[in-house]
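First the structure, in the form of structure tokens, and then the observations on it.
Read-outs throughout are calculated quantities, based only on the coordinates presented, and are distinct from any laboratory measurement. Being a predicted model, the structure only gives us computed values, none of them experimental. Because the Cβ atoms are built from the backbone with ideal geometry, glycine has one as well, and the counts that use them run over all protein chains shown.
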Amino acid sequence: MAIRSPQRISKVSACVERTAKGIARRLPSFYRRFSSLSVRNISCLILVTAFGLRVALILAFHNLRANDNQELLNIAVSLATTRVFGNPYAIQTGPTAHSAPVYPFIIGLILWVFGNGARGNLIHLMFNSFLSSFQYSLLPRVAVAYGLNKRVGVLSGFFGALIPLDLLDGIRGAEAPLAGTTLIVLSLLVLHTWERQDFSTRSALVQGVCWGMGLLVAPTLIMVFLATSILSFLLFTFKRGEIIQYLAGLVCMIVLVLLPWTIRNYLQLGSFFFIRDDFGLEFSISNNGYALPNFEDNVRSGVYHSLHPITSYREASRVRELGEIDYNREKMSTALNWIGQNPIAFVRLTALRFLFFWFPKTLRPIESIALWLITISGLLGLFWLFRINRLAAVIISAIWLSFPLTFYVLQSSARYRYPIYWTFILLGSLAVDSLIRNFQVISSFGSKGKPT
């Protein structure tokens, strides 16, 4: 390995310093262009930019299919053609609760109107693109609500719009874009309640409906609901009686929203459960003697294809024979038996899945590195957020601590963290903005201190 001379190191350092100063000089002018615009206008500009870019990419890759979650797409096709919420696997298996209902019903409606061919696929992709773009257009509003400077929202919104590291997850990632947008709205509702200490009956009713609909989009949001509910109880001890009534009303409204879907599941599948019934299947695929921590690795090794009824006719036939409920119970029992016999292997898989959730492993190394840097910058941004708005920082911390818990015991995929991707780019932008402002202060101080 060649040793570089001090002169060359000095030149490289000077080049890096000039580049950093150039960025620091140009960013303020970039920000000033948007400072005169309202948050609404900035959000609209981000939405148009993000959506336009994604539509252009969809048209450029004309053979792109909206089938990242084939089970969900099969349910939507079944709804569009037979009006049955079912048949998610390789063969006809009847009614299902493999997926939460909201997104398949929306896609089923699109396919019913536009057909299950190229036109329906295009509208499906464009719908996902709009959801992904809308999510980024909300970031300026989130930044202002969190007490951050508007420029942080501008930077994070345009970063998500123009640097689509999440492109395939955002366009083909099934319900992930809708789940991310839902989580933004729910987090703002929680912040509004905490800041105003509004634990009224009206607030409980409104938020209960919103949380109930959110859970019908992505049941994993239940972990965030539990975390924020516990924090409400702990943070506002001086209003404990009022909060107990508020949480009771919140839970009652959630139950009422979930009740029709729960009754449907009992009538068609013969059992009560929480929204989805496929956890046993996913848990067993992720925890067995051949399982690897990463989804893509399990696909390449053949583990996924041999064990999942979406690709295995043997497993799909087993679902039809036993029924979804008993099939998933059987799979859960098999996985728990394996864990009992192989606790060290399970701990190792879980540790690696924890690592891959925060530092994703993708098929493209450059994408993985970019996502790692976004994670690190987001963690740095959380430090600054605690100094600016402690309640907002607590909400983000609650999301980060609670949302991933389910995915630590399932095979990892970058798509699984998409619903909280906005938190990383928002806080990463806060970290970048804070570092640049600090660099400007230091540079200004240094230039004033130079002898004349």
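Odds and ends about this structure:
- In sequence order, calculated HN-Hα J values of segment 141-150 (Karplus, 6.51, -1.76, 1.60; Hz; x Gly/Pro): 5, 4, 4, 5, 4, 7, x, 8, 5, 4
- Summing +1 for each Lys or Arg and -1 for each Asp or Glu among the other residues whose beta-carbon sits under 14 angstrom from that of residue 138 gives +3.
- Annotation: amide H-H contacts under 5 Å for residue 294 (H modelled 1.01 Å from N, sequence separation of 5 or more, or interchain): 412.
- Prolate/oblate/rounded label for segment 264-311 (Cα gyration tensor, a/c 1.5): prolate
- Given (1) 46.9, 202; (2) 31.3, 97; (3) 24.2, 88, the label whose value is Rg and Dmax of the Cα atoms in Å derived from this model: (3)
- Taken over the chain, lysine pairs spaced eight or more positions apart, or on distinct chains, with alpha carbons under 23 Å apart number 5.
- Neighbourhood net charge (13 Å Cβ-Cβ; Lys/Arg +1, Asp/Glu -1) for residue 126: +3
- For segment 386-400, Karplus couplings with θ = phi - 60° (6.51, -1.76, 1.60), whole Hz, Gly/Pro x: 4, 7, 9, 8, 5, 5, 4, 5, 5, 5, 4, 4, 4, 4, 5
- From phi via Karplus (6.51, -1.76, 1.60), per-residue ³J(HN,Hα) for segment 231-243 in Hz, x at Gly/Pro: 5, 4, 5, 7, 6, 10, 4, 6, 10, 4, x, 5, 5
- Relative contact order, whole percent, for the chain stands at 18, derived from Cα pairs under 8 Å and 6 or more residues apart.
- Taking amide H positions as modeled 1.01 Å from N, with prolines and chain starts lacking one, the residues under 5 Å from residue 362 and 5 or more places away or on another chain are 368.
- Mean Cα-pair separation over length for segment 220-378, i.e. relative contact order, pairs under 8 Å, 6 or more apart, %: 19 percent
- Amide H contacts of residue 93: 87, each under 5 Å away and 5 or more positions distant or on a separate chain (H built 1.01 Å from N in the peptide plane; Pro and chain starts excluded).
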